[in-house]
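Input: a single structure, listed below in structure tokens.
No value in this document is a laboratory result; all are computed from the given coordinates. Please read these numbers as outputs of a predicted model, since none were measured by experiment. Here the Cβ is made from the backbone with ideal geometry for all residues, glycine too, and neighbour counts use every protein chain on show.
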Amino acid sequence: MLEKRVKISPRFLAVFFVLGALVSQASSADPDSSSLHVLFLGHASPHHNSNLYYPILREALNAKCVDFEYATTVDSLNTENLKKFDAVLLYANHGKISPEQFSALNEFVESGHGFVPVHCASACFGNSPDFIRLVGGRFKSHKSGVFRASVVQPNHPVMVGFSEFETWDETYVHADHNPQGRTILMERVEADVREPWTWVREQGKGRVFYTASGHDERTWNDLGFQKLLFNGIVWSVGESRRAEWELMRKK
């Protein structure tokens with residue numbers, strides 16, 4: 001049987017390849033790029049109750065296109081899992097981190113992603129000096145009281161649209177400060193003491209945002225605190241990811 005040949009016009013081929021390219025482009029696009037994806041790493045302990053405070057933040061920021069996945073074990077800090085996220089928020093009292101887990105977190109940050117340690121996170125992983133340097137300081141001691149931390153860098157992007165808030169909280173004092181790449185945004189002023197309270201760091205291509213606020217629901221329910229964490233998360237993911245996210249939100 002003779003093979004039947006079909007003649008295809010060059011114009012048809014051109015249209016075919018253009019349509020193919022468009023389909024390929026659409027299939028490779030990230031359907032979730034309109035939201036920032038954050039791993040919230042908490043713990044199972046009722047002290048610094050992340051199980052209670054995580055839903056408060058999720059409800060507050062979901063409406064602003066920030067999505068969360070919640071975990072309570074350090075096993076979530078692995079390279080494969082972290083590929084899903086733009087930032088990691090840590091609020092927990094985990095004592096130890098393995099070299100492999102720290103390496104995954106550190107590479108995640110240095111490759112251009114965000115790390116947001118909150119309050120007790122500065123007391124985590126005391127077995128790792130590198131983790132302490134990544135955060136920028138370590139919890140040393142505290143008392144408690146009602147106070148208002150003072151903004152000292154009002155022109156920093158994290159401070160845009162933010163207003164100082166007064167709340168009951170633990171009055172953290174820090175040690176093992178790492179000033180390299182660090183900018184202090186807020187201080188807790190007590191008599192003649194000015195304690196670094198909220199700061200940012202840049203490490204590699206990535207960014208770290210830390211605040212000592214956040215002991216219990218009195219702070220987590222505060223709109224000012226929620227705004228601070230929102231600004232910190234958005235800043236931490238970097239300019240390119242932020243611009244993409246803002247563009248997708250407008251569509």
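In the chain, what is the count of Lys pairs whose alpha carbons are under 18 Å apart, counting only pairs at least 8 residues apart or on separate chains? Please report the intermediate quantities before stating the final value.
Numbers: 64/227; 64/250; 64/251; 83/205; 84/205; 96/140.
The result is 6.
Work out the FRET efficiency for residue 148 and residue 80 from their Cβ-Cβ distance, taking R0 = 51 Å, and round it to the nearest 0.05.
Working: r = 42 Å, r/R0 = 0.83.
Computed FRET efficiency for residue 148 and residue 80: 0.75.
Listing 172, 54, 70 from the residue with the fewest other Cβ atoms within 10 Å to the one with the most, what is the order?
Numbers: 172 25, 54 20, 70 16.
Taking fewest neighbouring Cβ atoms as first place, the list is 70, 54, 172.
Pull out a ≥ b ≥ c, the square roots of the eigenvalues of the alpha-carbon gyration tensor of segment 34-250, then state rounded if a/c is under 1.5, prolate if not and a/b is larger than b/c, and oblate in the remaining case. Write out the running numbers ahead of the final one.
Working: a/c = 1.31, a/b = 1.14, b/c = 1.15.
Rounded, since a/c falls under 1.5.
Taking neighbour counts of Cβ atoms within 10 Å as a proxy for exposure, in what order, fewest first, do 83, 251 appear?
Numbers: 83 9, 251 5.
Least to most surrounded, the residues fall as 251, 83.
Could you give me the ³J(HN,Hα) list for segment 37-49, computed from phi with Karplus coefficients 6.51, -1.76, 1.60 and θ = phi - 60°, whole Hz, x at Gly and Pro?
Each residue's phi maps through the Karplus curve to give 10, 10, 8, 9, 9, x, 7, 8, 6, x, 7, 6, 6 Hz.
Relative to the longest principal axis of the chain, what angle (0 to 90°, nearest 10) does the C-alpha long axis of helix 223-236 take?
Between helix and principal axis, roughly 50 degrees.
Going highest first, how would you order 40-50, 139-149 by mean Cβ packing within 10 Å? Display every interim value, and only then the final one.
Values: 40-50: 18.2, 139-149: 13.7.
Descending packing order for the listed peptides: 40-50, 139-149.
Rounded, prolate or oblate, given the Cα gyration tensor of segment 176-251, with a/c below 1.5 counting as rounded?
Working: a/c = 3.02, a/b = 1.39, b/c = 2.18.
Since a/c reaches 1.5 but b/c is at least a/b, the shape of segment 176-251 is classed as oblate.
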